Structure formats: structure tokens, C-alpha cells
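Colleague: Before I ask anything, here is the structure I am working with.
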Amino acid sequence: MDCCDTHIHEECGVFGIYAANPFHVGNTVYYGLYALQHRGQESCGITVSNGGHFTTVKDLGLVSEVFTPERLASLGEGNMAVGHVRYGTTGNSGRENAQPIVVSHFTGNLATVHNGNLTNAAELRRELEGRGSIFHTTSDTEIISYVLTQERLETYTAEDAVLRAMQRLKGAYSLILMLEDKLIAVRDKNGFRPLCYGRNGHGDYVIASESCALSSVSAEYIRDLEPGEVVVFDKDGVRSIRDNCGKAPEAMCIFEYIYFARPDSSIDGCSIHHARLRAGKFLAIDHPAEADIVIGVPDSGTDGALGYSKESGIPYDIGLIKNKYIGRTFISPGQQSRENSVRIKLNAVRETVEGKRVVLVDDSIVRSTTIARTVAILREAGATQVHVRITAPPFLNPCYYGVDIDSRENLIACKHTVPEICKLIGADSLGYLKVERLPELTGSRTHGYCTACFTGEYKTRLPDAIKRDMFEGS
């Protein structure tokens, strides 16, 4: 995956807990967010409810940077909490856009955490501002909070307000809502973004973007929410509301399986690790190479490289080492800095690649800067040939559902053919995963997917225009 300015960024990660008895629930959320850190590194936050009184800590930075022992302790005890790690796709990277978004209103307090992107955010914001709403952020999550609060004025219950709000919200949203007496988990009608829940040995319910976060807090996975489903956690247990299920084409983001989710997670019944092994297998079938060794770009290309090796019979080995102490927030302005940053993040294992014909597996190419430098690093370490294999098809279209691709101008595949890209990156050959292989990644799973960033086949009506900074200065 191209890094720094060339990187396709993760969306966000959400986490929540409803506890049978009050304790330091913020600590549990802290560990859950640690497990979801790969989904966003700009900012993070936790809100704890103690008898309906909300305490929030949020700031820019990684989970380990923001939540010092003192800040965690300041959250106090409670029986509910929600947390969030963010990479923004609507709104800037400032602290004001860090989540949870907390709204205090006479209908009750509301803390909202959100993964996804609304396609009608501009339309809703104009409507809300016309009714007197004053926005303090530039994110679409605040819009969701205001829509929910507005609907509370028209209904008797929070659950009814959520169902009514879902008729107005368009696009991708997996939400955890914390009210004064309950947690409500919501997955949009298309099911673009993942959301699941489980239960720990103390009887506490845990909700998370990925199952790996449940495991990190010793909670047993129960199931994923269905597209359109609303699940309520309160003193009476768990209730499922399926009024909006089956009302839209299912469109789980296929890139979750290719890159976003952690390999030890399962989404909608499919192991991410196995999906990536299949991607490598398909590359070996469709784009074979005469080579001596298969290596993966750590960490995102490792599973695909293993799959390629197993199918082709070419031995797998570790040929690149990643510097674990350079985070994804590493800033590298300018082309020369971007190229130099690759040397800081990746080093070749000369003993593995010297004198060898190498198959190099990675998950995607955005602008090509990083993969070109990686190929060069391998050649400098003595590789005689480098055959690049990519476990995704070429990016050709913007994403409107929570991935940071808002135009075609920075996508190299929109400007060059595959042979041209191969020449630009200095590879001996280049093979992408075929588009027709995408539905096969998840094995026997028969659900629908969103593949729009590769195929241009969108599952919803698109906005006239959408940019990450569309609310800046408005």
C-alpha cells in the first residue's frame, strides 16, 4: 500500500461497552481502540457514562499518546462507554472533529461514534442550518447527531428516532449511540461498513467495528449486525429491530477484505486472512511468474504472498523488514521526502533476495511512488528480477462511502495502462487481481459487495459533489 501522501487511508473504528455493573469501562474501551488503531491514526476519544453524566477525553494522536494513565483515570467509573479512532473523510483533521461527538439537549445526552461517510451530508447540513442548528465541527458525524436529536423531538422513544433518522441518512454509517440509559448500534441499509458485537465473562456487551477488538477485551463474538439492523443494549438485555433490513442492495465494502480489516478479524462470517490468501492464490493462477522467491510488503502484502506461494509452489520468505516505530502518521511533505521515507520504513533482507528472481506482493497501488521505491530497494539488495503482484484491481473511481479517494486525479491507473505502470515502477512484470475475482475472495459467502472504486458500479445515488473539506469555511 502506498504510504504517506500516496496512501489510501483507513476509515474509522468504533467501540462500545454496556456493563452489567459500573467499573472503569474506559479502560476496556482503551484496549478495544488499541486493537482498532489500524483503522485511523489522526485522533481518538472515549466518552464514559456514569448514571447519565458523560465524561469525555479526546484529542489528536494515537491511542497510546492521547490516553495517559492520568487521562484514563479521569474518565472515572460507569456502566457504558463509547470510543473512536479516526481518519477523516469529511472534515479536517483538527481536534474539533475528534469523536465521540457529544450533544446535550433537553431530550437527553447523546454521544455518537461513526464509521463511514454520508452522501447527503451537504443537503442535510443546509437543512439543519436553515432550522437554526449551529455546527461546531466540519464532520458529518455532527450532522447525524443533530438529525437524531431532531427526530427525538417528534417521537416517544430513542429507538423510533433512530428508525426515522435512517430514512434521512444516505450513504455509509456504522454507528454506536450512547444515551443516558442505553447503547444503540446501527448499521446502514446497504451494510457498507462492518459492525459486530459480543459478550465477556462478566455479562458485559461489547460492540466493535471488527471482531479482533472483541478478542482484545476477552469478549466472545456473537454475530455481525445485518445491513439496516438496529440493536439496543440496556438493562433489559439485547433487542434487535429489523424494520430497515432488506430494504436496499447489500454492499459490504470489498476493500475491507483486501486491506482495511486486520487479518485476525472476521466480517460477515468470512475470515480476512483466508480472503487474502485467496487473493494471492488467484494472482498465482492468473499472473504466474518464473521466480525463486515470493515476498510480501509488510504487513498488508504478507497474506497475499503466502497465498501466492502456496498456489505456485515458489517458496515464501521474508524479504522486507518494516520499521515498527514509524507510525502511519509519519509526515513527509514533498516528493523527495516521500521517496526517502520508504527507506526509513522498509529495508530489504539481502540474504533473502540477492541473486533471486522475486515475486513482490502488495495490496494496492495508488500513485506508484512507494512501490517504485520498494522495487528499487530490492534491486539494490541484489534481486535480479522483481515481479509485482497486487491483490486488488486498479483504483479507477472515487469512493463516497468512507475511503479517502474523492477524485480520479491522483490515481495512477486513471492515467496509465498496466504496461506503462509496470515500466514506471521499474518492475519486470505487473499483475493486478482481476475484477471478476472479487466476489470469490470470500469463498462461499453469497452477500453483495461494493466494488465501486474498481468498477464504478455504485449502490446508491451519488452526491453532486463531495470533498473532504466541503464544510471548511462554510
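The values are calculated or read from the model by the stated rules, or taken from the named source; none is laboratory data. Everything numeric here is computed off the predicted structure, so don't read it as measured data. With ideal geometry, Cβ positions are generated from the backbone for all residues, glycine too; neighbour counts draw on all protein chains shown.
Colleague: Suppose we filter the range 221-240 for residues that are within 22 Å of the chain's Cα centre (by Cα) and among the charged types (D, E, K, R); how many remain?
Modeller: Qualifying residue count for the region: 4.
Colleague: Separate question: Do you know which of the residues in the range 199-218 that are farther than 19 Å from residue 269 by Cβ and of a type in the set (S, T, N, Q) is surrounded by the fewest Cβ atoms within 10 Å (Cβ to Cβ)?
Modeller: That would be 218.
Colleague: Further question: For the range 102-140, which residues satisfy the criterion of being of a type in the set (Ser, Thr, Tyr) and touching a Phe, Trp or Tyr at 6+ places or on another chain (Cβ under 7 Å)?
Modeller: Those that are of a type in the set (Ser, Thr, Tyr) and touching a Phe, Trp or Tyr at 6+ places or on another chain (Cβ under 7 Å): 119, 133, 138.
Colleague: Please indicate, with yes or no, whether at least one residue in the range 375-384 is at pLDDT 95 or above, within 19 Å of the chain's Cα centre (by Cα), buried (at least 19 other Cβ atoms within 10 Å of the Cβ) and not in a helix (DSSP H, G or I).
Modeller: No, the conditions are met nowhere in the range 375-384.
This table checks each residue for (1) closer than 23 Å to residue 248 by Cβ; (2) among the β-branched types (Val, Ile, Thr); (3) in the same structural domain as residue 97 (by TED's automatic domain parsing).
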residue	(1), (2), (3)
136	no, no, yes
149	no, yes, yes
157	no, yes, yes
169	yes, no, yes
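Colleague: Any chance the range 127-142 includes a residue that's crowded, with 22+ Cβ neighbours inside 10 Å, of a type in the set (A, V, I, L, M, F, W, C) and either at pLDDT below 95 or within 21 Å of residue 401 (Cβ to Cβ) (or both)?
Modeller: Scanning the range 127-142, I find no residue that is crowded, with 22+ Cβ neighbours inside 10 Å, of a type in the set (A, V, I, L, M, F, W, C) and either at pLDDT below 95 or within 21 Å of residue 401 (Cβ to Cβ) (or both), so the answer is no.
Colleague: Take the range 449-462 and flag every residue that is buried (at least 17 other Cβ atoms within 10 Å of the Cβ) and not in a helix (DSSP H, G or I).
Modeller: Those that are buried (at least 17 other Cβ atoms within 10 Å of the Cβ) and not in a helix (DSSP H, G or I): 449, 450, 451, 458, 459, 460.
Colleague: Could you tell me whether residue 14 is in a strand (DSSP E or B), crowded, with 24+ Cβ neighbours inside 10 Å and touching a residue at least 60 places away in the same chain (Cβ under 8 Å)? Show your work before the answer.
Modeller: Details: in a strand (DSSP E or B): yes; crowded, with 24+ Cβ neighbours inside 10 Å: yes; touching a residue at least 60 places away in the same chain (Cβ under 8 Å): yes.
Yes, satisfied.
Colleague: While we're here: Can you spot a residue in the range 100-112 that is modelled with pLDDT of 95 or more and assigned to a loop (DSSP other than H, G, I, E, B)?
Modeller: Scanning the range 100-112 turns up at least one residue that is modelled with pLDDT of 95 or more and assigned to a loop (DSSP other than H, G, I, E, B).
Colleague: Mind listing whichever residues of the range 405-414 are surrounded by 13 or more Cβ atoms within 10 Å (Cβ to Cβ) and in a loop (DSSP other than H, G, I, E, B)?
Modeller: 405, 406, 408, 410, 411, listed by residue number.
Colleague: Residues in the range 403-448 that are of a type in the set (Ser, Thr, Tyr) and modelled with pLDDT under 95: how many?
Modeller: Residues meeting the conditions: 4.
Colleague: Kindly state which strands (runs of 3 or more DSSP E) lie completely within the range 234-347 and contain at least 1 residues that are on the phi < 0 side of the Ramachandran plot and modelled with pLDDT under 95.
Modeller: 320-322
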